[in-house]
1. Restricting attention to the stretch 160-183, which residues are open to solvent by 70 Å² or more (accessible area, probe 1.4 Å), over 22 Å from residue 77 (Cα atoms) and of a type in the set (S, T, N, Q)?
2. Got at least one residue in the stretch 505-521 being surrounded by fewer than 24 Cβ atoms within 10 Å (Cβ to Cβ) and at positive phi?
3. Which condition from (1) open to solvent by less than 40 Å² (accessible area, probe 1.4 Å); (2) within 15 Å of residue 601 (Cβ to Cβ) is the one that residue 488 breaks?
4. With in a strand (DSSP E or B) and either over 39 Å from the mean Cα position of the chain (by Cα) or buried (at least 24 other Cβ atoms within 10 Å of the Cβ) (or both) as the only criterion, which of 529, 501, 556 stands out?
5. On the given criteria, is residue 475 out of contact with any Phe, Trp or Tyr (no Cβ under 8 Å at 6 or more places or on another chain), open to solvent by less than 50 Å² (accessible area, probe 1.4 Å) and in contact (Cβ under 8 Å) with a residue 24 or more places away in the chain?
6. Determine which member of the set 368, 362 is touching a residue at least 60 places away in the same chain (Cβ under 8 Å), among the hydroxyl-bearing types (Ser, Thr, Tyr), more than 30 Å from residue 575 (Cα to Cα) and open to solvent by less than 50 Å² (accessible area, probe 1.4 Å).
7. Just wondering, is there one or more residues in the stretch 499-507 that are farther than 17 Å from residue 542 by Cβ, of a type in the set (Lys, Arg) and modelled with pLDDT of 95 or more?
8. Within the stretch 346-365, can you find the residues that are over 16 Å from residue 284 (Cβ atoms) and either within 28 Å of the chain's Cα centre (by Cα) or modelled with pLDDT of 85 or more (or both)?
Amino acid sequence: ANYSSNKAQLDKEHTGTIVYNITDDEIEELYVGLYQWDGEKWNSFQEKIGNAIAELGNCDSLKFTGIYENGVALSGHTMYIPLKVSKAGTYTIIATVKDAATNTNDNGYFFTTTGLFMSPGYYYITVQGSGTPLEFTPAGNPGDPVSITFNGHDILAGTGCSKNIFVKDMTVRPKYTMDCSKTNVFGEYYEEERLNTNGKIHYIELTLNVDPTSYGATYEITSNEVDGIKFSGSGILGNNPIVRIYGEGVPFDNRDKQFYITTNSESSSATCTALIYMIIPPKRLMTIGQGQGELLVNYNYNFGWVGNSPGYTNQMITDKDNFGPHPWSIVRYAGFDNQLGSAANRNEVPVGGTDHGGSIVSLRSSVSENMTKENFGRLLNGRAGYAKIDIVIIGYNTDMFASGTDYAAKADTLVEFMKKGGIVLMYCEQRNSNINFLRKVFNKPDITTTGGLGAGTRYRLGYEGNDEEMKMYYARNDDPILDGPFGNIAGSVWGEDASTTYYADRLPMEEVVLYSNMASASQVPSNKTAATLFRHATLPFIWSGDGGFNSSNGITTNESICPFKIGTRTINGHTYTHFPIYRQNFGGNNNFVQNAVFTANALAWCIKRADQLRKEQLQP
């Protein structure tokens, strides 16, 4: 009864149902065979389905697999063809090939299959090859042209898609060797960025020594796959010894990768290796400190400042030999770039706070101090389509955290930025600024800062006493900043510039990785909760109580100012012109200090930490 009353609805709902009838029913005119319900009646596939209608899908997905050689029968050779089927039905696919030399005669092999599409849609059909190639492809020829019919119709016509199959000459065998000493890698390799897309090119260049009897043979060179990418290439051997194998895939890890390269040479089974250096993607850097028209601007506290005098800190961070994508770069990183325009305005954000989108965003101290909390927050976190800031470097004194309108509130903004993965590298000896900021960072209201030792003081990087409790607070000798890419400075010293270094006291030492206490390098530290230089144990934050830690203007005669220095250094045959080096004759007795190396290692840590935090935030 239910079926009778709902027959029309049920018939409609079962449209498309396919059954195979196993008995004859002359009354219902149903015979053995396959049927499909159209909503009203059963239709026999054998009688009514007819021919399918289809068109070619993506031309790039039309592929032919296998190695083709004249006189060698096809076995396992396959055509993969993408189809967009608009009408169900039977189909016959035939792919034929012509002799490449004449473009007229059939070359003895083909691909064919038949079948049935039950319904419209997108399909990727596998078609097996048969036959034996008669003629090989002449040198310089793209190969045998392919024609493909679908139910008798040329499916490539009007698509702009064409395919060729290269047939190797069996009478010429590949005999060659690779000169591994001349293997060169080209391209910049970034995690999660597909190779050879968006106008970028990635390949390995190889030099071959070819036996003249192999001219005209085909070389095939491949690498293993590492972290999602591999390299391969093929071509005709001749008197040109340099060939390329191109990369494919998407690297899923930022570690450097070693590849083993093999060939189809019949005279050598030797392999070569190639090392791919991965590059850290671009980061945005905000620099805060003295700028145009401000006191002490020529001492280069602001890393983004170029100005009319040499910007030593800026030169160090923007030199691609130091932080860049080259194989010889100390830190393999996309690099920081100064903005175009006059030297006095390069990188600088104007009073209104308009972002220019560059990799360096420079704020004069007066600009940052007078900027509202809202504008400062928008600049940090990205606005008007610009990306957010990744790293902030505060140089010398800036009262953006002191008491006053919006000053103290901006400390909250920067701490929140840091807790969300932003990096802060702070050189500051402004007492109220330090107290306000450090109390917010550690959530500890009794932290204070006090002026300590004066100009020219040298502080030990590490601990050399016997107090085990004190020792446990200090950075280990393998700390990534003490032992970083620009040098190992564990146990060395840094120098106080010009005035007085402030030390932070009553710190929660379990939350601190200590680099230097309040004691000078010649003293044994006694205050167990004080620090002049440290990084936070968990948050991405580094602090120094000397605003002039990176003071530099080329002065070397004065023993108590400008402890930051860059110079020339040759490493593995490459000369670096803005390399961070030790400052000689600082603090008397021809002593030296390592401020520049510490800062360079610290920035390298900031860049790597920023990338690590970015990846952690992307994880579900």
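The values are calculated or read from the model by the stated rules, or taken from the named source; none is laboratory data. Small disclaimer: the values here were computed from a predicted structure and weren't measured. With ideal geometry, Cβ positions are generated from the backbone for all residues, glycine too; neighbour counts draw on all protein chains shown. With ligands, DNA and RNA removed, areas are computed over all heavy atoms of the protein, side chains included. Shrake-Rupley method; radii C 1.70, N 1.55, O 1.52, S 1.80 Å.
1. Selection gives 181 alone.
2. Yes, the stretch 505-521 contains a residue that is surrounded by fewer than 24 Cβ atoms within 10 Å (Cβ to Cβ) and at positive phi.
3. (1)
4. Values: 529 fails: in a strand (DSSP E or B); 556 fails: in a strand (DSSP E or B).
None of the others qualify; the one that does is 501.
5. Details: out of contact with any Phe, Trp or Tyr (no Cβ under 8 Å at 6 or more places or on another chain): no; open to solvent by less than 50 Å² (accessible area, probe 1.4 Å): yes; in contact (Cβ under 8 Å) with a residue 24 or more places away in the chain: yes.
It is false that residue 475 is out of contact with any Phe, Trp or Tyr (no Cβ under 8 Å at 6 or more places or on another chain), open to solvent by less than 50 Å² (accessible area, probe 1.4 Å) and in contact (Cβ under 8 Å) with a residue 24 or more places away in the chain.
6. Values: 362 fails: more than 30 Å from residue 575 (Cα to Cα).
Within the list 368, 362, the selection yields 368.
7. At the first step, the residues of the stretch 499-507 found to be farther than 17 Å from residue 542 by Cβ are 499-500, 505-506.
From what is left, the residues that are of a type in the set (Lys, Arg) are 506.
Subsequent filtering for residues that are modelled with pLDDT of 95 or more retains 506.
Yes: the stretch 499-507 contains one or more residues that are farther than 17 Å from residue 542 by Cβ, of a type in the set (Lys, Arg) and modelled with pLDDT of 95 or more.
8. Initial filter on the stretch 346-365 (over 16 Å from residue 284 (Cβ atoms)): 350-352, 364-365.
364, 365 - these are the residues of the stretch 346-365 that are over 16 Å from residue 284 (Cβ atoms) and either within 28 Å of the chain's Cα centre (by Cα) or modelled with pLDDT of 85 or more (or both).
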